[in-house]
Amino acid sequence: MRPLLAALALMAIMTGAAPLGAIGVDVPLADPVLEHRARTVHKLLRCLVCQNQSIDDSNADLARDLRQIVRERIQAGDSDQEAIAFVVARYGDWVLLDPPFKATTWALWLGPPVVLLLAGLGVGIYLRRRRPLVPPSPLSAAEAARLKRIVGAGRHPP
Amino acid sequence: MHLRFVLPLVAFVLLAGALGVGLTLDPRIIPSAMKGKSVPDFALPPVAGRTLGLASTDLRDGEATVVNVFASWCVPCRVEHPLLVQLARQGIAVHGLNYKDAPERASNWLDTLGDPFRRTGADLDGRVSIDWGVYGVPETFVVSGEGTIVEKHVGPLSPEDIAGKIVPALERARR
């Protein structure tokens with residue numbers, strides 16, 4: 001009897017029979033348009049716990065709370081930008097997966113192109129300088145003789 | 001032509017230096033957006049069995065305070081707890097923000113480990129903590145008498161953190 005009950009319980013769990021309104025379960029907004037907007041905002045916000053996931057992807061507790069907060073803001077009539085600003089006010093630009101271009105992020109945005117530019121410049125200068133540095137060396141007497149043998153003296157253009 | 005050898009060397013030293021500094025930084029420490037801002041408006045009930053809850057008005061009564069975010073399920077909180085008890089014994093106003101905790105477990109924690117907190121707010125759903133920019137427990141804030149967040153520490157406090165970060169921040173807050 002026991003194994004049967006256990007198997008039934010396992011089946012219930014595996015078929016996703018989660019109790020309604022349980023803690024830890026996202027409650028989507030009733031309006032599909034608003035829910036879609038909330039999901040779009042979720043994808044722009046970085047999870048503070050997992051760091052390289054958006055809160056839309058993350059299973060962290062805090063990410064779920066933030067998802068719910070974004071839904072509430074949007075339900076309450078916030079624009080997407082206002083909902084994002086609400087989270088940024090508390091956690092800073094760090095939570096934005098697409099950080100804004102401003103004084104504190106110049107190095108972040110300009111660093112890679114500047115490094116690429118410098119490296120390209122360096123390689124260019126190196127290649128330009130290298131060519132005249134390696135003039136073709138004149139043939140040695142033995143090489144000249146061998147070349148003559150292979151090509152044949154008579155077939156040289158005059 | 002010395003430049004040919006000096007330039008790559010300089011570039012290497014700069015890069016190694018930058019990467020070396022990067023290695024010493026903890027990526028889990030997120031720069032605080034709340035530092036310098038006023039504490040959010042909130043009013044929390046006390047944890048079970050206590051009488052004094054925590055509200056933003058309690059943090060604007062002129063005295064510089066330390067606010068510690070803790071939970072009974074948080075192991076590092078247990079490590080830093082004796083340091084908070086010590087701080088409170090020195091006469092520093094320490095308040096507790098109890099993050100997503102079962103009420104009876106929170107009071108049990110304070111009963112068994114010692115209660116360093118003048119006031120303890122029970123943040124059952126964690127919403128007030130989110131207003132504070134909290135993203136994990138423990139976190140510790142230093143708040144000026146006017147209610148401005150002067151300093152924030154993420155993770156468990158060590159004696160060095162108390163001496164090098166919290167106490168100097170309290171002095172700044174009192175100025």
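Rolling a 1.4 Å probe over the heavy atoms of the protein chains gives the protein assembly as shown an accessible area of 62 Å² per residue. Structural descriptor for region A:23-100: relative contact order 31 percent, calculated from alpha carbon pairs under 8 angstrom and at least 6 residues apart.
Taken along the Cα-to-beta-carbon direction at a fixed 7 Å, the label points for A:Ala145 and A:Leu29 span 9.2 nm. Put B:Leu170, A:Leu108 in order of accessible area, highest first, and with a 1.4 Å probe you get A:Leu108, B:Leu170. If you take all other residues with their beta carbon under 12 Å from the beta carbon of B:Asp61, and give Lys and Arg +1 and Asp and Glu -1, the sum is 0. Could you list, in their original order, any pairs among A:Lys102/B:Lys35; A:Lys102/B:Lys165; A:Lys43/B:Lys35; B:Lys100/B:Lys165; A:Lys43/B:Lys37 whose Cα atoms are separated by more than 24 Å? From A:Lys102/B:Lys35; A:Lys102/B:Lys165; A:Lys43/B:Lys35; B:Lys100/B:Lys165; A:Lys43/B:Lys37, over 24 Å: A:Lys102/B:Lys165; A:Lys43/B:Lys35; B:Lys100/B:Lys165; A:Lys43/B:Lys37. How charged is the neighbourhood of B:Glu146? Take every other residue with its Cβ under 15 Å from the Cβ of B:Glu146, and add Lys/Arg as +1 and Asp/Glu as -1. Around B:Glu146, the surrounding residues sum to +1. Here the Karplus relation 6.51 cos²θ - 1.76 cosθ + 1.60, evaluated at θ = phi - 60°, turns the backbone of region A:85-92 into coupling constants of 4, 4, 6, 5, 4, 8, 10, x Hz, with x for every Gly and Pro. Accessible area per residue was computed with a 1.4 Å probe on protein heavy atoms; A:Glu82 scores about 100 Å². Run a plain Debye calculation on the protein assembly as shown (Cα atoms as equal point scatterers, no solvent) and give log10 I(q)/I(0) at q = 0.06, 0.07, 0.10 Å⁻¹, rounded to two decimals, same order as the q list. Debye intensities relative to I(0), on a log10 scale: -0.38, -0.47, -0.77.
Stretched out straight at 0.36 nm per residue, the stretch from A:Lys102 to A:Gln68 would grow longer than its current Cα-Cα span by 9.3 nm. The mean sequence separation of alpha-carbon pairs under 8 Å and at least six residues apart, normalised by the residue count of chain B, gives a relative contact order of 28 percent. Here region A:44-66 and region B:37-52 have alpha carbon centers that stand 26 Å from each other. Could you work out what % of the accessible surface of chain B is carbon and sulfur, using a 1.4 angstrom probe and leaving DNA, RNA and ligands out of the count? Carbon and sulfur together cover 62 percent of it. The A-B contact accounts for roughly 1400 square angstrom of buried accessible surface, both chains included, probe 1.4 angstrom. The charge dipole of chain B, taken about the Cα centre with unit charges on the Cβ atoms of Lys, Arg (+1) and Asp, Glu (-1), comes to about 460 debye, rounded to the nearest 20. Placing +1 on each Lys and Arg Cβ and -1 on each Asp and Glu Cβ, with no other charges, gives the protein assembly as shown a dipole about its Cα centre of roughly 2500 debye.
The values are calculated or read from the model by the stated rules, or taken from the named source; none is laboratory data. Because the structure is predicted, anything quoted here is derived from the model rather than measured. So basically every Cβ, Gly included, is an ideal-geometry build from the backbone, and we count neighbours across all protein chains shown. Surface areas here come from the heavy atoms of the whole protein model, side chains and all, with no ligands, DNA or RNA. Shrake-Rupley method; radii C 1.70, N 1.55, O 1.52, S 1.80 Å.
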